[in-house]
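None of the figures in this text is laboratory data; all of them are computed from the coordinates on show. Predicted model only: the values in this text are computed from it and were never measured. Cβ placement follows ideal geometry from the backbone for every residue including glycine, while neighbour counts extend to all protein chains displayed.
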Amino acid sequence: MLGMGTWEIGDAQDEKRALEVKALRRGIELGMSMIDSAEMYGYGNAEKLVGQAIKGIRDDVFIATKVSPEHFSYEGILSSCESSIRRLGVEHIDLYQLHWPSHQVPIGETMKAMEELVAHGKIRYIGVSNFSVAQTLKARESLPRSEIASNQIRYSLTHRSIESGLLPFCEREKLTVIAYQPLDSGKLPGSKIPQALLEKYSMTPAQLMLNWVTYRNGVVAIPKAANVEHVEENAVAVRTRISADDYRALSRIFE
Ligand code: NAP
């Protein structure tokens, strides 16, 4: 249910990078074995740091990364994928995602290349990100031989817009929702979360947010934490599930 994001990882200087690798490595050890990256994060540096973090343990990890829309041409997809594979130091990518829709390149051209990558074993699953219901349907129609496995979308206790359409669509069509910014980029809602609830489950606000966001079947979350203490806190966030009543009560508070 929980993986790790890598936005802003690899942006900083060398000393901080070693700590970021350590944090990712610790998260994998604790079971947050899906890592989400993107070719654009740190201009490739995030993927390079992921590569360092998974050295020797690649088979324990599910690697997801993303290609940017400026590379959605047929040739662009093939070449971007090769570059990501090289930076990550892997033989294949587990989930290759279109970072957000392109208004320039027809989706059919992009998906032709994605299917070719699957056929050649370069990627295992195709995903999209920031795609609406209509865009997801169109993308799916362009894939004669494959399914779309997931849609990566902003979703947290405090950002709920997908609940009115995209989330039920993904649930119905069995696309995994990968919730990004599940901690609202670290802007935790503090006092709005009832203290009684935190005490009942012995959870911190971040843990309760992660527990809440992964409550529904088919939703996984990718909190990013460069700080090892945050990683350790997040990794145990879903060991106990909150009750259905508490899930609904919390949902109502933030509606
Ligand atoms: P986020 O995961 O909601 O929040 C990250 C922030 O929360 C960091 O500042 C982190 O601090 C802090 N944090 C982590 N654990 C914490 C804890 N237990 N207590 C308090 N603070 C904590 O935001 P995000 O990084 O923007 O989103 C997650 C991932 O989603 C990204 O890294 C990226 O992989 C993906 N994403 C995708 C898209 C897209 O368009 N597809 C867009 C945005 C993000 P430290 O780093 O100091 O630990």
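Observations on the model:
- Value of [θ]222 nm, deg cm²/dmol, for the chain, DSSP H segments ≥ 4, -39500 (n - 2.57) each, nearest 500: -12000 deg cm²/dmol
- FRET E, pair Ser68, Glu91, Förster distance 25 Å, beta-carbon r, rounded to 0.05: 0.65
- A crude spin-label estimate for the pair Glu82 and His120, with each label 7 Å from Cα along the Cβ direction, gives 0.7 nm.
- Positive-end residue, the chain charge dipole about Cα centroid, Cβ charges, pick of Ile148, Met203, Ile222: Met203
- Principal axis dimensions, largest first and in whole angstrom, of the range 111-223 by Cα: 52, 28, 22
- Our estimate of slack between Arg154 and Ala249, defined as 0.36 nm per intervening residue step minus the Cα-Cα distance, is 32.1 nm.
- Per-residue HN-Hα couplings for the range 187-196 [Karplus 6.51, -1.76, 1.60; θ = phi - 60°; Hz; x = Gly/Pro]: 8, 5, x, x, 5, 6, 7, x, 4, 4
- With θ taken as phi - 60° and the Karplus curve 6.51 cos²θ - 1.76 cosθ + 1.60 applied, the whole-hertz 3J(HN,Hα) list for the range 239-250 is 5, 10, 9, 6, 6, 4, 5, 5, 4, 5, 4, 5 Hz, x standing for glycine and proline.
- For Met34, residues with placed amide H under 5 Å, excluding near neighbours: Met4, Phe62
- Amide H contacts of Lys66: Ser37, Ala38, Glu39, Gln97, each under 5 Å away and 5 or more positions distant or on a separate chain (H built 1.01 Å from N in the peptide plane; Pro and chain starts excluded).
- Tilt relative to the chain, helix 14-29 - C-alpha long axis, 0 to 90 degrees, to 10: 80 degrees
- More than 29 angstrom apart: percent of Cα pairs within the chain: 30 percent
- A Gaussian network model of the chain, with springs between Cα atoms under 10 Å, assigns the largest mean-square fluctuation among Gly89, Gly27, Gly121 to Gly121.
- Volume per residue of the C-alpha convex hull in the range 1-151, rounded to whole Å³: 101 Å³
- Local net charge near Ala119, Cβ-Cβ under 12 Å (Lys/Arg +1, Asp/Glu -1): +2
- Net dipole in debye of the range 98-206 [+1 Lys, Arg Cβ; -1 Asp, Glu Cβ; about Cα centre; nearest 20]: 140 debye
- Ratio of Rg to Rh for the range 58-125: 0.96 [Cα atoms; Kirkwood radius as inverse mean 1/r over pairs].
- Charge dipole (the chain, unit charges on Cβ, about Cα centre) - positive-most of Ala249, Gly127, Leu95: Ala249
- Check: the range 188-255 dipole with +1 on Lys, Arg Cβ and -1 on Asp, Glu Cβ, in debye: 240 debye
- Label point distance in nm, Lys187-Asn227, each placed 7 Å from Cα along Cα→Cβ: 1.8 nm
- Difference of contour (0.36 nm per residue) and Cα-Cα distance, Asp59 to Lys138: 25.1 nm
- FRET efficiency for Arg216 and Glu15, using Cβ-Cβ distance with R0 set to 30 Å, rounded to 0.05: 0.15
- Charge sum, other residues only, whose C-beta stays under 10 Å from Asp11's C-beta, Lys/Arg counted +1 and Asp/Glu -1: 0
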